[in-house]
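For reference, the structure discussed in these notes is given below.
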Amino acid sequence: MATPPPLSLLTLLFLVLSPLPPAAAVDAAVYLSASTLFADYQKMLANFKIFIYPPDPQDDVASFTPPLSLFYTSLNSTIQFITRDPEEAHLFFLPFPPQSTRSLTRVIRRIRTSYPFWDRSLGADHFYLSCRGLGYASSRNVVELKKNAVQISCFPSPAGAFIPHKDVSLPPPSTTAFTPPLALDGVTVTRFLGYWRFDHVQSGSDLIRSLRDDPQFLIESGPSDQSVYTEKVRSSKFCLFAYEEGEVELLGVALAHGCVPVVITDRPIQDLPLMDVIRWSEIALFVGARVGPDELKRVLIRTCESGGYEKMRRLGVAAAHHFSWNESPQPCRIEMNTMEWKKSEMA
C-alpha cells in the first residue's frame, strides 16, 4: 500500500472547488501553512491515487444530496487519481449512500471479507460521505467506521456528528452564483454596518428585534432576488450568519463580495470548511449566541477602528475562490514563490 502524502485528502478538495484565476497571485496569509500546503498539493497532483470500492447493487449511490453528490460526481471525474489497483492506493473510498446502521454493518462486512485493506488499518485510510453523521451502534464494523474512517461532511454538521481530528467538511453549495472580484482597490462605499438575511431564525428573537430598529443594520427575512441580495451584501461591512440554524449557504458569497462574515454560535465550531488549511480567524468573526445588540455593535465597530477590517475583507475575497463549486474538477494555479510563503508564515 502506498504511503499517503500529508494533507492528501484535504488538498483533494481543491480539485472539486474553484481554481484561482490564472492571473491572480495567491495570498499566502489566507493559509495556515502555504509552503506545506502547496508543496503537498503538487505531490498530490503527481502521485495521489484512490481506489473506489465497487458499490453494492443494492445501494443507491444516486441518493446523495448536495454537496455530497457534487463531490461524488467530481471524484469519479478525476481519472488521474483513480486506480484499479488497490495496492497503488493512498486512500480507499466507500461509495455507500446514507442508510441504516444495519445496512452499514452489511457494507463494511462485505468490504472486510472481500478485500484485505480494511483490516490493515481498521479503516483509517478509508473515507465516506455523510451529511448527518453516523449514529450510535454496537456493531464492530460501524464502530470502526465511525471511529477511524474519514467522514466527508456537509457544513454545518449536526452536533456530535463531526470528529475534528479526522473528518473534513465541504463548503455549502450556493444557489446564488458568484464571481469573486479580482481586487478590492480603492475606497469601499457601504451603507450598513451589518446585514442579516435570516430564513430560519425566529423573527421574534431579541437580537433580530433590536437590530431591526438600528439604522446601521439591514435585517430581512426570506430570499431575495440574486442581484438584489448581492447588492445588499456589497453595501454592508459585515454579514451575519446563525450557525445553529444552518444559515451558512451564502457565506462564500459574502466572502467573495467583501462582506466580512460574523458567525453567531452557542458552541465552538469544529467543522469549518478547510479549517486545517484556511486561517478562519483572519477572514471571519465569531460571536456567542447570547450576544446582545450593543455588545455586537461594539465588536464590529472595534474591528473597523483597529484597522483589522480591511485585512479581513481582503483575505476573505482571496479565500472565496475555494467556496465556489466547479461543474468538473479543476486544479488550482499557484503563482507564489518560496520567499512569499516564508514572509507570510513569519508574520
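The values are calculated or read from the model by the stated rules, or taken from the named source; none is laboratory data. Because the structure is predicted, anything quoted here is derived from the model rather than measured. Here Cβ is always computed from backbone atoms with ideal geometry, including for glycine, and neighbour counts include all displayed protein chains. With ligands, DNA and RNA removed, areas are computed over all heavy atoms of the protein, side chains included. Shrake-Rupley method; radii C 1.70, N 1.55, O 1.52, S 1.80 Å.
For the reader, a short list of remarks on this structure follows.
- In this simple spin-label approximation, Arg191 and Lys166 carry label points 7 Å from Cα along the Cα→Cβ vector, and these lie 5.1 nm apart.
- With the simple spin-label model, which puts each label point 7 Å out from Cα in the Cβ direction, the Asp119 to Ser227 separation comes to 6.4 nm.
- Taking every protein chain into account, the accessible area of region 107-147 amounts to 50 square angstrom per residue (probe 1.4 Å).
- Counting protein heavy atoms only, region 231-329 has 44 percent of its accessible area on carbon and sulfur, 1.4 angstrom probe.
- By accessible area with a 1.4 Å probe, ligands and nucleic acids excluded, highest first: order of Leu250, Leu45: Leu45, Leu250
- In this label model, Asp294 and Ser103 are separated by 5.4 nm, measuring between points 7 Å along each Cα→Cβ vector.
- When the surface is traced with a 1.4 Å probe over the full set of protein chains, Trp280 keeps roughly 20 Å² accessible.
- Ranked by how many other beta carbons lie within 10 Å on average, peptides 206-212, 121-127 from highest: 121-127, 206-212
- Centroid-to-centroid separation of region 213-290 and region 104-122 [C-alpha atoms, Å]: 41
- Solvent-accessible area of Phe198, all protein chains in place: 10 Å² (probe radius 1.4 Å, heavy atoms, ligands and nucleic acids excluded).
- As a calculated quantity, the FRET efficiency between Arg110 and Lys43 at R0 = 45 Å, using C-beta atoms, amounts to about 0.85.
- Accessible surface, per residue, of region 196-311 when the full set of protein chains is kept, probe 1.4 Å, Å²: 46
- Label-zone membership for region 227-257, site Ile301, 7 angstrom Cα→C-beta point, backbone N under 17 Å: 237-238
- Shape category assigned to region 217-323 from the gyration tensor of Cα positions, a/c cut at 1.5: rounded
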